[in-house]
Amino acid sequence: MSYVKKLTVIVILLVCLFSLTACQKEAEVTVSPLFYKVSDENSYVYVLGSIHVGRMNIYPLPKEIMSAYGECYTVMFEIDFQTTSDFDYEIPRDKTEALVGAETVERAVETVKEEYPSMKRIAQKAYPSVDMNNIEQTGFFTLQGLLTLCANTKSALLADCGIDRAFLGYALRDKKSIMGAESAEEQYRLTYNDLPSEAYSEILNEAIVVEEAAKQVNALYEMWCSGDAAAIERAELEPLRQAGEDTWQHMLYESFLIRNQHMTDKVIQQLENDETTFVVFGVAHIVGEEGIINQLQELGYTVELLS
């Protein structure tokens, strides 16, 4: 799907979110996500730890977050939404079977079919080009995405209500400058390219166990809501740190570190340009000793935890 089409879809999805939040004086559920102000002698940026799914009842977010957003001329995300994604990232069905095995693919297809009625509306929005009557022809990333939707549906979490989606919508509405730390292709190649077959197999097999995946995403969401940096670090980073050097998990960890450096460099660039920026990065990227916040502190920038 082209950038323009993707952007149009995102804007449509966010119309209801804006309408509802505009009518709310206070959120039904108070959250305290990790939120920082990073500054040098001349400038500052705000950094909000994001989660890609959410619930409507957390909006509007705390006043200090929305006030900080209002101060900023630019909003930065992990991905530059203005980059096109014309490269063919999908792994075709035959190659998917070769990587993970035909039995695993069949289990994934059957799981999606079983869960589909409860998530039909969401799936049709997220994958408008997928024919659910012919889902047997879909490849790895489509199956993984649909299984993720299954888990999110069971945990009552929506990508439409995720923090990234919300602030992208706000920025478009308010005509702010939008930028990203990396292109969609860069993120894909760093995260998924050239992994061994056992990696794809394990990723898909874990996603098939929808109930367990739902518990995990719900647990992470609760950690995000309370701003529990230590718990997020244990859940998201510790398993990768402890992985042996010859494992695919270690490969993911090394890619994760490279992406953290990309994001840190972009934040520094905004500080050096004296451009007040509201930064929205996945919360796992900002916690821990290898996280963006610690890197900035070690480089001598002033970091203040605001919530």
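The values are calculated or read from the model by the stated rules, or taken from the named source; none is laboratory data. Predicted, not measured: the structure shown is a model, and the values here were computed from it. Methodologically, a virtual Cβ is constructed for each residue, glycine included, from the backbone with ideal geometry; neighbour enumeration extends over all protein chains shown. Just so you know, the surface numbers come from the protein's heavy atoms only, side chains and all, with ligands and any DNA or RNA stripped out. Shrake-Rupley method; radii C 1.70, N 1.55, O 1.52, S 1.80 Å.
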For this session: Report yes if some residue within segment 159-175 is crowded, with 17+ Cβ neighbours inside 10 Å, over 23 Å from Leu204 (Cβ atoms) and hydroxyl-bearing (Ser, Thr, Tyr); otherwise report no.
Result: yes
Seminar exercise, completed: Lys63 passes all but one of the listed conditions (1) at pLDDT below 90; (2) open to solvent by 50 Å² or more (accessible area, probe 1.4 Å); (3) closer than 30 Å to Glu272 by Cα; the exception is number (1)
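Ala213 - would you say it is of a type in the set (Gly, Ala, Ser), loosely packed, with under 15 Cβ neighbours inside 10 Å and out of contact with any Pro (no Cβ under 7 Å at 6 or more places or on another chain)?
It is false that Ala213 is of a type in the set (Gly, Ala, Ser), loosely packed, with under 15 Cβ neighbours inside 10 Å and out of contact with any Pro (no Cβ under 7 Å at 6 or more places or on another chain).
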Exercise. Helices (runs of 4 or more DSSP H) wholly in segment 160-210 with at least 2 residues that are modelled with pLDDT of 95 or more and within 29 Å of Arg107 (Cα to Cα) - which ones?
Worked result: 197-208
Exercise. What are the residues in segment 221-252 that are within 27 Å of Phe35 (Cβ to Cβ), open to solvent by less than 30 Å² (accessible area, probe 1.4 Å) and either part of a loop (DSSP other than H, G, I, E, B) or among the aliphatic types (A, V, I, L, M) (or both), if any?
Worked result: Gly227, Ala231, Ile232, Leu237
Problem set entry | Residue in segment 285-304 that is farthest from Pro239 (Cα to Cα), counting only those that are open to solvent by 60 Å² or more (accessible area, probe 1.4 Å) and touching a strand residue (DSSP E or B) at 6+ places or on another chain (Cβ under 6 Å) | Thr302
Seminar exercise, completed: Here the residues within segment 260-274 that are under 25 Å from Gly162 (Cβ atoms) and surrounded by 15 or more Cβ atoms within 10 Å (Cβ to Cβ) are Asn260, His262, Met263, Thr264, Lys266, Val267, Gln270
